[in-house]
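Asks: Before we start, here is the structure in question, set down as C-alpha cells.
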Amino acid sequence: MGSPQRIRPNSVLPARREAVTLTTADGLELVAELALPQERPPVATMICLHPLPTHGGMMDSQIFRKAAARLPALAQLAVLRFNTRGTRSMQGISDGAFDAAVGEEYDVAAAIEYAEFTDLPHIWVVGWSFGADLALMYGNDPGVEGAIVLSPPLRFTGPEHLAGWQAAEKPVIAIVPEYDDYLRPHEARERFAAIQQAEVVAVPNGRHLWVGQAEEVLDHIVRRLNPGAAPLPDTWDGPMAQATPKVGGGSDIS
C-alpha cells in the first residue's frame, strides 16, 4: 500500500459495481446500480430513494452517488440506487413518467424484491426528501429492517403510514437539517411522535440539499447500518479513482 490519500468529493473507492434493471409489477424497467464490497460479503444494505425528479433528484444525487462510491469500501455496505419511473441521470432513464408518489409504490417494491432475491443482508430503505416520503409510505415491507429519512418533507406521507411503522416497531431515523426548507427539527419531532421508536437527529447548520455536508450524513447512516465502521475515515490507503463531477440533488423542493 502507498501513503494514505485524502478522500475528495469525487473520489471513487474500490467496489464491485453492476448496472442492473429493476422490473416493476406494472411492467416498467428502471435503471439501477448495485455496489458491493470488493472482497467480502456486505454486512448490511441500503436502498436509496432519491429526491424529487421534477426538481433534479435522481440516483446520482450527491449523497447517494457518494454512498455508492465510498460505503462498500469504508463500511462494507451494499448500496442499491435506482431512478424512479421517468427519472433520468448519467446512468440512463427509467421507463414511465413521474407519478407524484402513486405509481412509485411499484418502484420501491421492485427494489426491495431485487434486494431480497439477491440475498442482500439487513435491508434498510434510505430516502432523501421526496425519497423520504417514498420510504415511509412504501418501505415498511417484511424484508426491510428499518428506515433512514433525510430532510423528510412529509408532503405525501399520511398518518396511516406513520402508524404502520409504529405498529411494525421497526427503527425509523429522521436526519433533519437545522435550516430545512420544509420541515425543521422541532416540527419533525412533533410529526414523528406518532412513531414511538422514531429518532429525530437534528444536524446543526444543515440545509435541505446537504451541500458540503454529505460526509456528515453518510456518517449518520453508517452508525445505524454498521456502527463499527463509524466514524468514516477521511483518507484511504488503496486504489482510488476520481469521478467526473455530476449535478447532485438539484433544486429539489420535495
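The values are calculated or read from the model by the stated rules, or taken from the named source; none is laboratory data. Predicted, not measured: the structure shown is a model, and the values here were computed from it. With ideal geometry, Cβ positions are generated from the backbone for all residues, glycine too; neighbour counts draw on all protein chains shown.
Asks: With the condition kept exactly as written, say whether any residue in region 35-45 is at pLDDT 95 or above and under 20 Å from Pro153 (Cβ atoms).
Replies: Looking through region 35-45, none of the residues is at pLDDT 95 or above and under 20 Å from Pro153 (Cβ atoms).
Asks: Just to confirm my filter: which strands (runs of 3 or more DSSP E) fall fully inside region 1-109 and include at least 1 residues that are polar (S, T, N, Q)?
Replies: Per the criteria, 16-23, 44-49.
Asks: Same structure, new question: Report every pair of residues separated by at least 6 positions or lying on different chains whose Cβ atoms are under 8 Å apart, first residue within region 234-251 and more than 27 Å from Arg88 (Cα to Cα), second loosely packed, with under 12 Cβ neighbours inside 10 Å and modelled with pLDDT under 70.
Replies: So the pair list comes out as Asp237/Met1; Asp237/Gly2; Gly238/Met1.
Asks: While we're looking at this one, here's another question. So, of the residues in region 156-187 that are touching a Pro at 6+ places or on another chain (Cβ under 7 Å) and among the hydrophobic types (A, V, I, L, M, F, W, C), which turns out to be farthest from Phe64 (Cα to Cα)?
Replies: Here is the first cut: in region 156-187, the residues touching a Pro at 6+ places or on another chain (Cβ under 7 Å) are 174, 176, 178, 182-183.
After this cut, where a residue has to be among the hydrophobic types (A, V, I, L, M, F, W, C) as well, the list is 174, 176, 183.
Working: Ala174: 16, Val176: 17, Leu183: 21 Å.
Among those that are touching a Pro at 6+ places or on another chain (Cβ under 7 Å) and among the hydrophobic types (A, V, I, L, M, F, W, C), it is Leu183.
Asks: Mind telling me which of the residues Leu134, Leu218, Leu183, Leu162 ends up being in contact (Cβ under 8 Å) with a residue 60 or more places away in the chain, hydrophobic (A, V, I, L, M, F, W, C) and touching a Lys or Arg at 6+ places or on another chain (Cβ under 9 Å)?
Replies: It is Leu218.
Asks: Output the residues belonging to region 196-243 that are among the polar types (S, T, N, Q), touching a Pro at 6+ places or on another chain (Cβ under 7 Å) and part of a loop (DSSP other than H, G, I, E, B).
Replies: Gln197
Asks: So for region 109-123 (the condition being out of contact with any strand residue (DSSP E or B) (no Cβ under 7 Å at 6 or more places or on another chain) and closer than 21 Å to His55 by Cβ), does at least one residue qualify?
Replies: No: zero hits.
Asks: Further question on the same structure: Where residues in region 142-169 are surrounded by fewer than 19 Cβ atoms within 10 Å (Cβ to Cβ) and touching a strand residue (DSSP E or B) at 6+ places or on another chain (Cβ under 8 Å), which of them is nearest to Glu215 (Cα to Cα)?
Replies: Looking at the filtered set, the residue picked out is Glu145.
Asks: Same structure again: I'd like the full set of residues that are assigned to a loop (DSSP other than H, G, I, E, B), more than 19 Å from the chain's Cα centre (by Cα) and under 23 Å from Leu225 (Cβ atoms), limited to region 135-186.
Replies: Glu169
Asks: Would you say Ala25 is touching a Gly at 6+ places or on another chain (Cβ under 6 Å), among the small types (Gly, Ala, Ser), more than 17 Å from Leu120 (Cβ to Cβ) and surrounded by fewer than 24 Cβ atoms within 10 Å (Cβ to Cβ)?
Replies: no
Asks: Go through region 159-179 and count every residue that is more than 20 Å from His220 (Cβ to Cβ), out of contact with any Leu (no Cβ under 9 Å at 6 or more places or on another chain) and not aliphatic (A, V, I, L, M).
Replies: 4
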